[in-house]
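Encoded as structure tokens, the structure appears first; notes follow it.
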Amino acid sequence: MCRPNISLEVFTTSQTFIYIVFKIRLYRSGCRNMLLFRVLVVLILHMNAHCMSLNWTSRDRPNLVMLMSDAFDGRLTFSPGNKVVQLPYINYMREMGAVFLNLYTNSPICCPSRAAMWSGQFIHLTQAWNNYKCLDPNATTWMDHLAKSGYHTRSMGKLDYTSGHHSVSNRVEAWTRDVPFLLRQEGRPVTDLVGDASTKRVMTKDWNVTDAAVQWIRHTAVSLAQPFALYVGLNLPHPYRTDSLGPTAGGSTFRTSPYWLNKVSYDQVSVPKWLRAEDMHPVDYYSTFTKNCSGHFTKEEIRNIRAFYYAMCAETDSMLGEVIAALRDTGLLNRTVVLFTSDHGDLAMEHRQFYKMSMFEGSSHVPLLIMGPGVKSGFEISLPASLVDIYPTVLDLAGVPQPGGLSGHSLIPLISGVSVQSAEPHPGWVLSEYHGCNANASTYMLRIAEWKYITYADGLTIPPQLFNLSKDESELKNVASHFPDVCQDLDKLLRTIVDYPSVSQAVHSYNKQQFLEWKQSLGDSYSQVIANLRWHIDWQKDAKSYERDIEEWLLGLDGPSDL
């Protein structure tokens, strides 16, 4: 019997997908294992075809650079949204590569969203319920896979995907969202103009991270003998903390300088239409109230908040430009795949809200631009996709085998510009879910074709929402009652993806347990501590009543309360 000895070696450097060398030694003369020979030929042809589809040579893997911002509205990366503010480097990436027109976060809040991106798994699988409860510190990320496969890896700036961070106020607000009271949890959104027409560096912390990334590219990456993967995490355009509200205050200050404000076409800044308070969905109203947006705002205030937000996006774009320039100046750009994305967006006063924590487009629609070798230039992809797709995409770019259990799908077949057969094509739907503060029910969004279906809690006690985005871009017309069959079909599909009533119950039980443990840890100081959290202005008006509401919630049935 013929016993061939076969060894498979994978050599990886920058720019190509994979290079395979087979060494076949036949121990016995006269061996003619044609079946084995055919298998090897097919494998080689398959790998060569994949390399060709990405337009890379057969010797190198590409460098990978990802820049992830915080709270960047994805609609600004294509028309007509990009007309409101000058974003030259995002526009450059769009012209040189691919832009996703319908890319969504898997949870519209910082830590859970990033947990999904880094793990490649949906929120209900990671149990990243809020900004405090996310991934275990030793969770395996796509960057870990790259390091094991021979990449030199470097991460800097904001990561924020592991458990145990964020303020006590943020945790308590998330845990007590089922308690039937309304308390303002955020500062009122305001603007703050600093510096003058020459002040470019407003967000100093982010600029320091950008400088460090540029220096690393110029002094370390350029001399590496192996491909590298660089991750750069920014805080902008996330609103700044409102210092006047104390050290635990949320971010409700939109801060910029005249330099960046000059990049905004003020006449293009719209004042969004709002529903009347009585016409709002109950969860949306709860969000509006707890975000301190239920009061009166003048049109000038609203337009200024939006203009300042866009100016903060322009400053973010400039940081992206510094990284791209460093790659270009060192000759690395044509051997590097660059990705730009964000964890979530910002409503910027759409739907009478700022911040995120909502499935409305301003909050849930995020950017994804990819450029580099193998990526078709000027390419627009309308198929809905989400952040969990980045994990398999990055591994595909690097030629690293996909681990099991991923929720996402590689986007390579969509951006290569060449027909690529995928073993598991993208399903064309997106799942996003939210379980944190500023929303008093677990929320689930399914986006497919023109429809956005949003359901809550157990799917029964709170009415769903349905929007036709092709006819209602502003999401002001909930047509759920007009299309019950569509709701039924989409809900059925959603339940095949996640048993969301059970997930809602698990989150509710977790919230009670965590709050009770926190309360017991405080002992006699509990009343004083809880009265002086971020909601202290409202709480101290009737502290005993609010404490009583919490006690009744803790003693009640173990299920989400009705709104």
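The values are calculated or read from the model by the stated rules, or taken from the named source; none is laboratory data. The structure displayed is predicted, hence computed values, not measured ones. Cβ placement follows ideal geometry from the backbone for every residue including glycine, while neighbour counts extend to all protein chains displayed. All accessible areas refer to the heavy atoms of the entire protein, side chains included, with ligands and DNA or RNA removed. Shrake-Rupley method; radii C 1.70, N 1.55, O 1.52, S 1.80 Å.
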Using DSSP to call loops (not H, G, I, E or B), can you name the chymotrypsin sites (Phe, Trp or Tyr not before Pro) in region 153-203 whose Cβ has at most 14 other Cβ atoms within 10 angstrom? none
With a point put 7 Å past each Cα toward its Cβ, work out how far Val194 is from Met156 in nm, to one decimal. 2.1 nm
Run the simple label-point estimate for Ala139 and Tyr92 please: 7 Å along Cα→C-beta, distance reported in nm. 3.3 nm
Rounded to whole Hz and in sequence order, give me ³J(HN,Hα) for region 91-99 from the Karplus expression 6.51 cos²θ - 1.76 cosθ + 1.60, θ = phi - 60°, writing x for Gly and Pro. 4, 4, 5, 5, 6, 8, x, 10, 10
Given a Förster distance of 41 Å, report the FRET efficiency between Ala543 and Gln268 from their Cβ-Cβ distance, rounded to the nearest 0.05. 0.35
So if I place +1 on the C-beta of Lys and Arg and -1 on the C-beta of Asp and Glu, and nothing else carries charge, what would the dipole magnitude of the chain be about its Cα centre? I want it in debye, nearest 20. 2040 debye
Where Lys and Arg each count +1 and Asp and Glu each count -1, what net charge lies around Phe100 among other residues with Cβ under 10 Å from its Cβ? -2
With every protein chain left in place and a probe of 1.4 Å, what is the accessible surface of Asp485, to the nearest 10 Å²? 110 Å²
Tell me the label only: which of (i) 63, 29, 20; (ii) 35, 30, 22; (iii) 43, 28, 23 is semi-axes √(5λ) of the Cα gyration tensor in Å as calculated from this structure? (iii)
Proximal charge balance of Lys158 [Cβ under 13 Å; K/R count +1, D/E count -1]: -2
Net charge, Thr330 excluded, C-beta distance under 14 Å - Lys, Arg +1, Asp, Glu -1: +1
Reachable aspartates and glutamates, given that their alpha-carbon falls under 16 Å from the alpha-carbon of Lys200 and they are not under 8 places away in the same chain: Asp192, Asp211, Glu315, Asp317, Glu322
Show the residues, 5+ positions off or on another chain, whose built amide H is closer than 5 Å to the amide H of Ser167. none
Ranked packing of 340-348, 214-222, most packed first, by mean Cβ within 10 Å: 340-348, 214-222
What aspartates and glutamates does Lys541 reach when the alpha-carbon gap must be under 16 Å and sequence neighbours fewer than 8 apart in one chain are set aside? Asp549
Note to self: with every protein chain in place and a 1.4 Å probe, the chain gives an accessible area per residue in Å² of 41 Å²
From the phi of every residue in region 279-285, what ³J(HN,Hα) in whole Hz does the Karplus formula 6.51 cos²θ - 1.76 cosθ + 1.60 yield, where θ is phi - 60° and glycine or proline is x? 9, 6, 4, x, 5, 5, 5
So for each of 524-531, 99-106 I average, over its residues, the number of other beta carbons within 10 Å; can you give me the resulting order with the highest mean first? 99-106, 524-531
Can you pull the percent of the chain's accessible area that's carbon plus sulfur, 1.4 Å probe, other chains left in place? 52 percent
Filtered hits (lysines, Cα-Cα < 30 Å from Lys477, offset >= 8 within chain) -> Lys83, Lys273, Lys291, Lys299, Lys356, Lys452, Lys492
SASA check, Leu339, accessible area w/ 1.4 Å probe, all protein chains in place, rounded to nearest 10 Å², comes out at 0 Å²
At what distance in angstrom do the alpha carbon centres of region 283-347 and region 389-461 lie from each other? 22 Å
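Which is the longest part of the chain that has none of the GluC sites (Glu not before Pro) sitting in a DSSP loop with at most 13 other Cβ atoms within 10 Å?
1-449
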Taking +1 at the Cβ of each Lys and Arg and -1 at the Cβ of each Asp and Glu, which of His296, Val366, Asn438 sits farthest along the dipole of the chain towards its positive end, judged by Cα position relative to the Cα centre? Val366
What ranking, highest mean first, results for peptides 436-446, 234-244 when packing means the other Cβ atoms within 10 Å averaged over each residue? 436-446, 234-244
In whole Hz, with x marking every Gly and Pro, tabulate ³J(HN,Hα) for region 496-503 from phi via Karplus 6.51 cos²θ - 1.76 cosθ + 1.60, θ = phi - 60°. 6, 8, 8, 7, 5, x, 5, 5
